[in-house]
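Below you'll find the structure, written out as structure tokens, and then a few comments.
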Amino acid sequence: MPNYEQVSAGLKVSNQGSTIALRLPEKVMTLEHMGAMFPHRLSFVRLLLRRVKRENWQFSRPVWRMNADGYGVAVYSFKGPKRTYSLVAFSNELAPEHRTDRVIATAWDASFTLYDGLPSEDDIARLAANVPLQEAGRISESELSLSRANKSLRLFDHVVDRLAAGLQPDYEIVSSVGYLFRTTAVYGSGKMGAADFEKTGTYPGLAGPFQAEMLVVYLIREFSLDLVEHVATMRAPKKAVVLTDYIRRQFGVGNSTGLGMAPFLVNHPAILNQWMLVRETALARVRDLPIAGQKDQLMAYASTFRQRVSQWQTDDVAQTHRNQLLCDDMDKLSAFLHTLEFANFTRWNEVYEWSERHLSIDGQEGLISLLIEMNGPAVDDLEGLYDVNELNSFFINGLWRIGDVVAALDSDYAWAFDFNFDDPNEMARFWYVSEEKLEPRLGERWHEQGSERELPLGVARAICELRDALSHFDMDSKLAEFLLLHPEHRHTCRRLQLHHTRPYSEICDNILSAKMRPIDLLRFKLACFGALRFDPRSDRWLRISLYQNAPFARELQKSNDTWMFPIAATVDSTQ
Amino acid sequence: MIRLSLNEIDASVKKAARGVGLKWGMAEEAGKSARWLAEHGILDMHAFASVLTKHDTDTGWALESAVACLDNVGAARVICPLILGSWIADLGSDLNTLIASRAFRVLAPSLLVPFLSRLTSSCGLYLALEWPMCRVFCFDGSVAVEGDKQALLISEPVGIAILSAKATARIWSTEPKSGVTLTEEHDWIKICEFGHRTYVPSSALSRQSGAGAGTNDND
């Protein structure tokens, strides 16, 4: 484990001799900052690909039974040092009117499961009877994940047409969509009978955050490219060509992400803490590093990043404006670096502090990802810091005196008391599980029915209610007694004790507010996954792409882990 | 027959507990208890269904159980094992003052075992839970049972005692399980029905303010 220490007051990082303080939760755990985060070299897709390369996992496609139209079954296997994992993919014909990315859909272009080992024909037959049904089927503890995806018909058909004609697809079209398949759900952790995370988390290679899910998406990308080339070849066996390596790299896997993903961050505070702690510790470390010798490298990163951002396409006016500001920020950064005097600026910390004064929040967060990207040796060991056992923070210590609880509330949740919950706007929303969708949704409290079935996600409000209730209780009595008589505060007290030693475990904002934008929550989580190309479709859902520009399985050993933020001087040898 | 993962058991029992009116924090305890019992091979879905049905039909039972814990009239009233268990776990090492001085009458006593086991992990205690024909020893987070399974999984009200005791003989214990295979689904269906009450039906407004591409995902 890395050598770090958490001190709730000041949050000093002592590792590697750094004296840079971690950024305060009240600053970085706001929706404004979380909704501006970018992926970084410790994002989950990066962890997976580095491990696969480091351990030299062997890739194969032992089953490919597809008809001329691309319908059938395929199996992709990755054999690690101790275990083999296989994606079992089913491709089906789907009428356009049935193509919906809602979770409640009942049919998809393709469905997938990640199998523990190499599946036998009996296994494939069993899975064929269940996986395409998704929620209506059942899988077993031999399966680690269940997912489905729909085609981007426009791009899929375009690519087939062009390849069958012996031509490469139009780069602009490929780049503007960015994927052939878009997942609509990637389930793990025991869903529909699959193996629980407590089990899969002990499997070699899958111990980190969402590693089974990231592996599934990576193999879906392989499948999507194989499928499009297969259909083109079957259509014109003599004339069809395959994709060039360069064009091929432009395809990631799309994902439509809506409200269903948002409550995870509130429901798993111990995990949220580790995700942010990894990134903030990495930032503190690199801020303390000398600039010498790396100035030109950051300029190159900023230039390439700017170029990529300028290519992102979205119909969302606000996101378009933010992307433009980000491009401007990268120009400002380059200009600043160009004139930077080493006499006054010796560490990256000075550049970071300059960014706080001169760049937008997107610009600041973008710079952080670039700084971390440049300094892999200083931060890559932080991967181990993701490990967390949620059960350890479930138990309540009822021996705390009420006075201790009040003191913890006042010191750790001062931000929560800034909200006025007498103002109807601060209570405007409520989160619930939809009977129709069977997933979380956001309601308008003053206009919709159902707030009595609200999910316990309004932490700031609950903290204020707890503080009020405690003020009527004897300060010397024990928390156990209070909770016995006031079980309505049990959930909040559990959070409070967890948060007391995990400073990044709470979103320091009011997610019931009329001003709250759910896509800020979604973007943060997707950035942790490693997603780029954020394309908001409303304030409640967005589309993203994973693994765009990443090396394919057969290229991994030759790649050099620069795919997410490539710069001219370090372009992958495989590109 | 249906096999449930531990996560499914946890989530479904939590929802069911909330569905019958328990507060969220208690519902979380119910889910985690069910998961622990499943993992240790002693989950009785009927016991959970009985306790949750009692809450569903007697809305004052939660408060009565809490008051009975504090008022030293525990042996006279039937207490909810989830409420008693949560309180006991919260007490930590203070439980010692309770042992020997109190007796309780609870419904489905096996539901108390996860809470005692939690205490033995966090406080290093050796505890035993005793009721007619059954004694359950907890130590270092594990469990061993003296008595037959029928007595262990009783879902009727019984008087129980909590003792400070170590297992003295070789008695049956269980291997860790990764889920539960239900041979009879009646109680599970009931739990799912309770959980269903936590869902909010759609309205015209909620359909308008959707969270995805809607009915057309063609792009």
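The values are calculated or read from the model by the stated rules, or taken from the named source; none is laboratory data. No experiment lies behind these values; they were computed from the predicted model shown. Glycine also receives a Cβ, built like all others from the backbone with ideal geometry; neighbour counts cover every protein chain displayed.
Within segment A:524-540, residues that are outside the structural domain of A:VAL253 (by TED's automatic domain parsing) and free of Cβ contacts under 8 Å to residues at least 60 places away in the same chain reach partners that are surrounded by 20 or more Cβ atoms within 10 Å (Cβ to Cβ) and among the aliphatic types (A, V, I, L, M) with beta carbons closer than 6 Å, at six or more positions or on different chains, in the pairs A:ASP539/A:ILE519.
For segment A:168-245, which fully contained helices (runs of 4 or more DSSP H) count at least 1 residues that are within 14 Å of chain B (Cβ to nearest Cβ), over 21 Å from the mean Cα position of the chain (by Cα) and without any contact (Cβ under 8 Å) to a residue 40 or more places away in the chain?
Numbers: elements: A:171-177, A:197-200, A:211-235.
Because the criterion is at least 1 residues that are within 14 Å of chain B (Cβ to nearest Cβ), over 21 Å from the mean Cα position of the chain (by Cα) and without any contact (Cβ under 8 Å) to a residue 40 or more places away in the chain, the helices (runs of 4 or more DSSP H) in segment A:168-245 that meet it are A:171-177.
Among the residues of this structure, A:LEU483 does not count as one that is surrounded by 17 or more Cβ atoms within 10 Å (Cβ to Cβ), under 22 Å from B:MET26 (Cα atoms), within 30 Å of the chain's Cα centre (by Cα) and of a type in the set (A, V, I, L, M).
For residues that are under 19 Å from the mean Cα position of the chain (by Cα) and surrounded by fewer than 20 Cβ atoms within 10 Å (Cβ to Cβ), scanning just segment B:96-121, find the one that is nearest to the other protein chains (Cβ to nearest Cβ). Give the derivation first.
Let us first name the residues in segment B:96-121 that are under 19 Å from the mean Cα position of the chain (by Cα), namely B:104-121.
Those left that are additionally surrounded by fewer than 20 Cβ atoms within 10 Å (Cβ to Cβ): B:105, B:120-121.
Values: B:ARG105: 17, B:THR120: 12, B:SER121: 9 Å.
Checking each candidate, the answer is B:SER121.
How many residues does segment A:539-563 hold that are part of a helix (DSSP H, G or I) and touching a Ser or Thr at 6+ places or on another chain (Cβ under 8 Å)? Number satisfying all stated conditions: 2.
Given the options A:ALA95, A:ALA89, A:ALA125, name the one that is of a type outside the set (D, E, K, R), modelled with pLDDT under 95 and more than 30 Å from A:LEU371 (Cα to Cα).
Values: A:ALA89 fails: modelled with pLDDT under 95; A:ALA125 fails: modelled with pLDDT under 95.
Among A:ALA95, A:ALA89, A:ALA125, only A:ALA95 is of a type outside the set (D, E, K, R), modelled with pLDDT under 95 and more than 30 Å from A:LEU371 (Cα to Cα).
Quick check: anything in segment A:481-495 within 14 Å of another protein chain (Cβ to nearest Cβ), acidic (Asp, Glu) and farther than 30 Å from A:GLY252 by Cα? The answer is yes; a qualifying residue exists. Scanning segment A:365-380 finds no residues that are within 30 Å of A:ARG494 (Cα to Cα) and not β-branched (Val, Ile, Thr). The single residue among A:ASP109, A:ASP69 that is surrounded by fewer than 23 Cβ atoms within 10 Å (Cβ to Cβ) and either within 25 Å of the chain's Cα centre (by Cα) or more than 30 Å from A:LYS437 (Cα to Cα) (or both) turns out to be A:ASP69.
Here's the yes/no breakdown for (1) away from chain B (no Cβ under 14 Å); (2) under 30 Å from A:THR304 (Cα atoms); (3) touching a residue at least 24 places away in the same chain (Cβ under 8 Å); (4) in contact with a helix residue (DSSP H, G or I) (Cβ under 7 Å, 6 or more places away or on another chain):
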site	(1), (2), (3), (4)
A:ASP387	yes, no, yes, no
A:GLY398	no, no, yes, yes
A:GLY403	yes, no, yes, no
A:VAL406	yes, no, yes, yes
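Among the residues of segment A:137-146, at least one is within 12 Å of chain B (Cβ to nearest Cβ) and polar (S, T, N, Q).
If you go through segment A:493-538 and keep only what is under 18 Å from the mean Cα position of the chain (by Cα), closer than 30 Å to A:VAL405 by Cβ and outside any helix (DSSP H, G or I), you end up with A:TYR504, A:SER505, A:GLU506, A:ILE507.
Selection of segment A:450-472 for residues being under 13 Å from A:ILE402 (Cα atoms) and either within 14 Å of another protein chain (Cβ to nearest Cβ) or in a helix (DSSP H, G or I) (or both) yields A:LEU466, A:ARG467, A:ASP468, A:ALA469, A:LEU470.
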